[in-house]
Amino acid sequence: MKKILAGVCLAAGVWIGTAVIAAEAADLKIALIYSKTGPLEAYAKQTEAGLMLGLEYLTGGTMMLDGRKIVVLPKDDQGKPDVAKSLLEQAYTDDGVDLAIGTSSSGATIAMLPVAEDAKKILLVEPAVADSITGDKWNRYIFRSARNSSQDALSGALALGKGDVAIATLAQDYAFGHDGVTAFKTALAESHSDGKVVFEEYAPFMTTDFTASAQRLFDALKDLPGRKIIAVIWAGPNPAVKLADMKPERYGIALAPGGNILPVMQQWKQLAGAQGTIYYYYGFPKNPMNEWLVAEHEKRFHMPPDFFTCGGMAAASAVVAAIKKAGGTDTEKLIAAMEGMEFDTPKGKMTFRKEDHQALQSMYVFSIKADRKNDWDLLDLVREIPASEIPVPIRNKR
């Protein structure tokens, strides 16, 4: 009888041990909500590529973390807020993901924020930038590795707002555009710049004919003295070239297009000499992670990594660093680990600010090249603006 009991106990012990190991080895599931179809398709594909390259780099090619296989579940929200919200609910409840990353559209991201709060699960925002995401719409389950509109605006104010300059803005008529302009105006005031926004023009998201908008912008600036600039805040194909075709220089007006993805900036040769600010350009940062990303991306995709490829890799780095620091994927432990956490990215170090979970990071001032060595030799670095020079306001109600 004792032998039988011993055998049963031994068998039970083996079964229990096997069950524990199986539980510990359960897949580490990450949902990627992104706009793979629709106007932000290019952004979404870059985010996915950067995320997967980042996970590969950070796990030494094993795709294992915390003793678990990393499984990324991509979900296409088509840029639609209702779809994004539904997909995130599905990811948290039906798929049982440990955390989620997304999405490409600011409007769709805002729709997802309450879902993360209800599920009490982390949503790492990448690449949406509207200030309200880490502002009045924010909750404690939201972290953002992407830059926000204020970071764009403050760096733009530092680059463009020096001296007595009149600025007109052209932006899309939705959250990204309105938040961007608001942040830019605030940045000019808070940086004690003499630059002023004297006119705001908003156009529908998918506008292709900018004739009427350009005329209103020109009329607002042409009779003013001193420097005059049209600052473009736009997601997707940038209208700066179409504005350039209408010869703003005849009124003494310069264009400031703002950084964009490489295929868009390839079309900017006629804007040579124009300056702006950008979140990332592959040739600017000098660090091992960026060197690996550039080399591997060129090997696999026959072109350098782009704006949102960097963002995807930054998100991967944030996730890996957080899980290692927290010792797992328990949400409360992740929050405690991520608040104030510093992590490496292709741009260099980023830090999640404790107050609103926004990643503080450097930005770059560029000048558009006239003479190019190859198809992707597009920008010269004017200077890197360190995070310490970008005083991002805290806009939430925490």
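Bear in mind that the values in this text are calculations on the coordinates, not laboratory data. Only a predicted model underlies this, so the values are computations on that prediction, with no experimental measurement involved. For neighbour counting, all protein chains shown are included, and Cβ atoms are generated from backbone atoms with ideal geometry for every residue, glycine included.
Taking Cα atoms only, the orientation of helix 2-24 departs from the longest principal axis of the chain by about 0 degrees.
GNM remark for the chain: springs join alpha carbons under 10 Å apart, and the peak mean-square fluctuation among G273, G177, G312 falls on G273. Restricting the calculation to Cα atoms, the stretch 326-377 yields a radius of gyration followed by a Dmax of 17.5, 52 Å. Springs between Cα atoms under 10 Å define the GNM used for the chain, and in it the highest mean-square fluctuation of A370, A128, A91 occurs at A370.
Charging the Cβ of each Asp and Glu at -1 and of each Lys and Arg at +1, and nothing else, the dipole of the chain about its Cα centre rounds to 520 debye.
For the stretch 244-398, the fraction of C-alpha pairs farther apart than 19 angstrom is 61 percent.
Over 31 Å between Cα atoms, which of K222/K369; K185/K247; K185/K324; K69/K137; K80/K299; K45/K120 qualify?
K185/K324; K69/K137; K80/K299
Computed over the stretch 199-317, the convex hull of the alpha-carbon atoms projects to a mean area of 9.0 nm². In the chain, the longest principal axis of the Cα atoms and the axis of helix 288-301 are about 90 degrees apart. For the stretch 71-81, the Karplus equation 6.51 cos²θ - 1.76 cosθ + 1.60, evaluated at θ = phi - 60°, returns couplings of 10, 9, 10, x, 9, 8, 8, 6, x, 9, x Hz by residue, with Gly and Pro reported as x.
Residues of the stretch 205-233 with an amide N closer than 13 Å to a point placed 7 Å from the Cα of Y251 along the Cα-to-Cβ direction: 211-225, 228-231.
When Lys and Arg each count +1 and Asp and Glu each count -1, what net charge do the other residues less than 15 Å away from G259, Cβ to Cβ, add up to? Before the final figure, lay out each step's value.
Values: positive: R147, K347, K369, R383; negative: D152, D306, D380, E384.
Local net charge: 0.
Between amide H atoms placed 1.01 Å from N, distances below 5 Å from N139 occur with no residue 5 or more places distant or on a separate chain. Stretched out straight at 0.36 nm per residue, the stretch from D377 to E89 would grow longer than its current Cα-Cα span by 99.5 nm.
Rounded to the nearest 5, what % of the DSSP beta bridges within the stretch 27-155 are antiparallel ones?
Working: 2 of 19 bridges.
That works out to approximately 10 percent antiparallel.
Counting only residues at least eight positions apart within a chain, or on another chain, the aspartates and glutamates with an alpha carbon under 16 Å from that of K349 are E291, E339, E384, E389. The GNM of the chain, with springs linking C-alpha atoms under 10 angstrom apart, assigns the highest mean-square fluctuation among T211, T182, T169 to T211. With the simple model of a label 7 Å out from the Cα in the direction of the Cβ, A295 to M63 spans 2.3 nm. Karplus-derived 3J(HN,Hα) values for the stretch 52-65, using 6.51 cos²θ - 1.76 cosθ + 1.60 with θ = phi - 60°, are 5, 5, x, 5, 4, 4, 7, 10, x, x, 7, 6, 10, 8 Hz; glycine and proline are entered as x.
Nearest 5 is fine: what % of DSSP beta bridges in the chain come out antiparallel, could you say? Intermediate values should be presented prior to the final figure.
Values: 18 of 54 bridges.
Close to 35 percent.
Once the Cα atoms are used to define both axes, helix 175-190 deviates from the longest principal axis of the chain by about 70 degrees.
So what is the relative contact order of the chain, in percent, for Cα pairs below 8 Å that sit 6 or more residues apart?
On the way: 824 pairs, mean separation 68.6, N = 398.
Relative contact order, the chain: 17 percent.
In the chain, helical runs assigned H by DSSP with n ≥ 4 each contribute -39500 (n - 2.57); averaged across all residues and rounded to the nearest 500, the mean residue ellipticity at 222 nm is -12500 deg cm²/dmol.
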